2 protein chains.
Amino acid sequence: MFKLITISSIVAVAAIGSGLVIYRLHLVPEKPELDLQKWWGIGMKPREEDTSIRIFNIDFNDTMIQDLKQRLRNHRPFTKPLDGIQSEYGINTKYLDTILSYWLERYDFKKRAEHLNRYSHYKTRIQGLDIHFIRETPKVKDLKVLPLLLLHGWPSSSKEFDKIIPMLSSKRSNRDFVFEVIAADLPGFGFSEGTNKPGLNPVQIGIMMRNLMKRLGFDKFYVQGGDWGSQCATHMVTLFPDEILGFHTNMPFSSRLVSSVKMLMGSLVPSYAVDPRYVDRIYPLGNLLSSLIKESGYFHIQATKPDTIGVSLTDSPAGLAAYIIEKMGVVSNRDQVNTPHSGIENLPLDDVLDTITIVWANNCIVTSSRLYAEAFASPEVYIIHNIPTPVPTGVINFKYEVLYQPDWILKDKFPNLVSSNTLDIGGHFAALHTPQILVDDIFSATAAFINFNKRNLS
Amino acid sequence: MFKLITISSIVAVAAIGSGLVIYRLHLVPEKPELDLQKWWGIGMKPREEDTSIRIFNIDFNDTMIQDLKQRLRNHRPFTKPLDGIQSEYGINTKYLDTILSYWLERYDFKKRAEHLNRYSHYKTRIQGLDIHFIRETPKVKDLKVLPLLLLHGWPSSSKEFDKIIPMLSSKRSNRDFVFEVIAADLPGFGFSEGTNKPGLNPVQIGIMMRNLMKRLGFDKFYVQGGDWGSQCATHMVTLFPDEILGFHTNMPFSSRLVSSVKMLMGSLVPSYAVDPRYVDRIYPLGNLLSSLIKESGYFHIQATKPDTIGVSLTDSPAGLAAYIIEKMGVVSNRDQVNTPHSGIENLPLDDVLDTITIVWANNCIVTSSRLYAEAFASPEVYIIHNIPTPVPTGVINFKYEVLYQPDWILKDKFPNLVSSNTLDIGGHFAALHTPQILVDDIFSATAAFINFNKRNLS
């Protein structure tokens, strides 16, 4: 009898306790009041802002090219990889030398700039910073034209969308819409100006990107992103649900507390928590963690000492190339770390070198790396992460993406997850690696967004 | 009645469980069989080894100096610190520029080399690698001369002991002994050759350093170390307790599993676990952890991708200086991270620049950084960490040392802890920062070692 009472008391207390925990985990904080016109430029905000939109042309100028080539020719001999080691200790310096020779002797700076200039480039001042973007308006008749903002991550720029822009703005047989693409460089990335003030985190960048779209006359639009671009867009759809018609991401992630708890609990019953085909993308958590630790040294140093690591990367193009290539390679296929190229050969070399050249020419490795520090410095980021968004969302999970969450966890943050696709190929730099698949998915997700909005707005 | 039985069963099970856990935690593994003559040189081990001891002179040659100065003059403009930021995002690049100007214009390479050459330098081949060391034999009469091996850490070399060598080899009024100092460069550090084979971890380096001492004719000796030098020495006293007469360390650490558990448990009763004066060196663990995370980005990247980060640091002296200065500064006084110099002004500038120049001139940033990767790659390291050593041990805890453990936890690894000193000043680079205090402590600890050995060996 006593035993029964004891057991039932324990069960009751446990139930009430778990109930309270679950209730607390699902609590949604209030949206913080944010200044939507915060000034990130040098000095004080002027009384009247420059709202002009200026045509911009990418130029890899001779002084930059000569200096870069001089530094590459003059690089100090690298330490050879250890016996029997491919890329397990980081970049294979023998392989690196072949890439650097190509950059020095065969990469055609002028032609590549010309190639980048096939799109219409602009700059405009948003909250004190010159923001660079590509705007491609499709030349089509009898089709809906939907504005789509594309947001890249580190160490990219709008250049990452190079291959997909024409695919997005071209008519397809089975769709009655095409996209007008706005591909922006995040502040401090590519040709966009960096700030001289602390605090420009992904939430604040999200606000800037929304203001860019307003400047261009888009009061309602779609957004697509990967890496930090996906983070910024995730904040945008949380802050401006009435302005964004749909969100497509190739790096979906719910940072809600409840989602982390679910991922942890899932390790007790992995094949129940995740489609058995994709279980090994999360579980056992020990494997995931050890692979994340192995590959996140750059993240750690950028999140804590971006200004330190930036000095050598600012000064040595060989070092900058090594640093970027190693990471772009591993996240394209982490199973190839025991090859000399460590995954980078999944991406076209000229595209990789465009990316590195843009970082070098704009000297933006420090300003772009600081985003890792800012992302963890302010409580507003955590608060906004914890608020779900009603915006219809579509996700595509490529095989070697760094993070994976099953739909039922993603729905904590994106309850209106109307499209989801998980693949056994591809990696983190989807727009360069598997552009056609990415674009197909953006089209089909957008069709789902349109249906969702029809049902819910009518 | 049932309740009582239930409670007593629970208590009994808990007691047996805890007992088992405590028993298991204290289990000492068997010493693994290790090849004490493992070959780390290029190619195969030759039939007959070169055991000669060659005189060596440090030379900063003109080609190196001119190339270095050319690179410093030619460094690309750095990104300025953010408004209001001193060193919170890493090195302050405005401050860095003043240091680089000094290196370029006022640091006297030739004089500094001459200064380093005031000691007797040698090289000898140990297990296939040329090992550099200083050997200073005191010119004294009627005193015992005790052989003392000094082992430095990253990014140092035997140069770190520069100031303390003459203090150690000079007669003191209250002691009847002085030291014959052997200060060695770890393989891959300073003027010592790096290996081309994976696996040269702190255990293996410990074996090499013991073989160096044997080569010099010392079958029994004392050892002192900080940073990785302390780790290597910790392994040496575990592997060769009969050959080492005493171990002094300014970075003592027990990596035994039971010690980690004790540190964790201590967080429940901090002021019971640690002398209240030093509680804040460990507890709350959250603070310690967040400070370790903030400062360990370099550690993370070196432990995972040393070859990547090494490319830029090999190619840019400005970048190498930034990378080393930031870390040497913070570990000298982590409370000064909100100053432009971030702690580096606790150390004499010429000593800091000697260290950086030695790394640059020997191009050893990659070989030295790889030690972080090796230290976690092999089970032998963990096994040997878990074996206590009977060698009498003396520790000095400086205020800003990265790690701190109270004596009762240190005794898990060093049961014969015969000397312990905890100070409210000083930092990680004790031999450069507070040389006199360090030397005083080495003398008094050694007196305690002699007493201990008299009692126990007689």
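Exposed loop sites were defined as trypsin sites (Lys or Arg not before Pro) in DSSP loop states (anything but H, G, I, E or B) carrying at most 12 other C-beta atoms within 10 Å; in chain A the longest segment without such a site runs A:142-458. Compare each residue of region B:53-93 in its chain alone against the assembly with all protein chains, and report those whose accessible area goes down by 30 Å² or more; 1.4 Å probe, heavy atoms. Correct list: B:ARG71, B:ASN74, B:ARG76, B:PHE78, B:THR79, B:LEU82, B:ASP83, B:TYR89, B:ILE91. Across the accessible surface of chain B, with the other protein chains kept in place and a 1.4 Å probe, carbon and sulfur atoms take up 57 percent. Applying a length cut-off of 27 Å (Cα extent along the axis) and a mean Kyte-Doolittle floor of 1.0 to the DSSP H helices of chain A leaves A:2-26.
Put simply, the amide H of B:SER120, placed in the peptide plane, has neighbours under 5 Å in B:ARG135, leaving out anything fewer than 5 places away on its chain. Only one residue of A:TYR107, B:MET167, A:SER378 has its Cα farthest out toward the positive end of the dipole of the protein assembly as shown, where Lys and Arg carry +1 and Asp and Glu -1 on Cβ, and that residue is A:SER378. Going by a ≥ b ≥ c, the root eigenvalues of the Cα gyration tensor, does region A:196-318 fall in the rounded group (a/c under 1.5), the prolate group (a/b larger than b/c) or the oblate group? Note, shape of region A:196-318 comes out oblate. For the protein assembly as shown, the share of DSSP beta bridges that are antiparallel, to the nearest 5, is 35%. Could you please state, rounded to a whole Å, how far the C-alpha centre of region B:322-369 is from the C-alpha centre of region A:105-180? Between the Cα centre of region B:322-369 and that of region A:105-180, the gap is 44 Å. In region A:281-312, burial by the other protein chains removes 20 Å² or more of 1.4 Å probe accessible surface, compared with the chain on its own, from A:ILE293, A:LYS294, A:GLY297, A:HIS300, A:ILE301, A:THR304, A:LYS305, A:ASP307, A:THR308, A:ILE309, A:VAL311, A:SER312. Simple spin-label estimate for A:ILE293 and A:PHE376 gives 1.5 nm between the two label positions (7 Å along the Cα-to-Cβ direction from each Cα). Residues within the reach of a label modelled at B:TRP408 (point 7 angstrom out along Cα to beta-carbon, backbone nitrogen below 12 Å), restricted to region B:278-303: there are none. Candidate cross-link partners of B:LYS163 among the lysines, defined by an alpha-carbon separation under 29 Å and a same-chain spacing of 8 or more, comprise B:LYS69, B:LYS110, B:LYS111, B:LYS123, B:LYS139, B:LYS141, B:LYS144, B:LYS171, B:LYS214, B:LYS220, B:LYS327, B:LYS399. Shape class of region B:313-434 from the alpha-carbon gyration tensor: oblate, with a/c at 1.5 or above and b/c at least as large as a/b. Taking θ as phi - 60° and the Karplus parameters 6.51, -1.76 and 1.60, the scalar couplings of region A:242-256 work out to 7, 9, 10, 8, x, 10, 10, 9, 9, 9, x, 7, 9, 8, 5 Hz in sequence order, x denoting glycine and proline. Along chain B, the longest continuous region that contains none of the GluC sites (Glu not before Pro) in a DSSP loop with at most 16 other C-beta atoms within 10 Å is B:50-458. Summed over both chains, the contact between A and B buries some 5100 Å² of accessible surface at a probe radius of 1.4 Å. Per residue, region A:338-458 exposes 32 Å² of accessible surface when a 1.4 Å probe is rolled over the protein heavy atoms with every protein chain present.
When both region B:47-89 and region A:397-454 are represented by their alpha-carbon centers, they are found 48 Å apart. Restricting region A:350-423 to chymotrypsin sites (Phe, Trp or Tyr not before Pro) that sit in a DSSP loop and have at most 13 other Cβ atoms within 10 Å of their own Cβ leaves A:PHE376. Counting only DSSP H runs of at least 4 residues, each contributing -39500 (n - 2.57), and dividing by the residue count of the protein assembly as shown, the helix-based mean residue ellipticity at 222 nm comes to -14000 deg cm²/dmol. With a ≥ b ≥ c taken as the square roots of the eigenvalues of the C-alpha gyration tensor of the protein assembly as shown, please select rounded if a/c is under 1.5 and otherwise prolate if a/b is larger than b/c or oblate if it is not? It is oblate, given that a/c is not under 1.5 and a/b is not larger than b/c. With all protein chains kept in place, the per residue accessible area of region B:94-140 amounts to 46 square angstrom at a probe of 1.4 angstrom.
The values are calculated or read from the model by the stated rules, or taken from the named source; none is laboratory data. Bear in mind the structure is a predicted one, so any value in this text is a computation, not a measurement. Cβ: placed from backbone, ideal geometry, glycine included. Neighbour counts: every protein chain shown. For accessibility, only protein heavy atoms count, side chains too; no ligands or nucleic acids. Shrake-Rupley method; radii C 1.70, N 1.55, O 1.52, S 1.80 Å.
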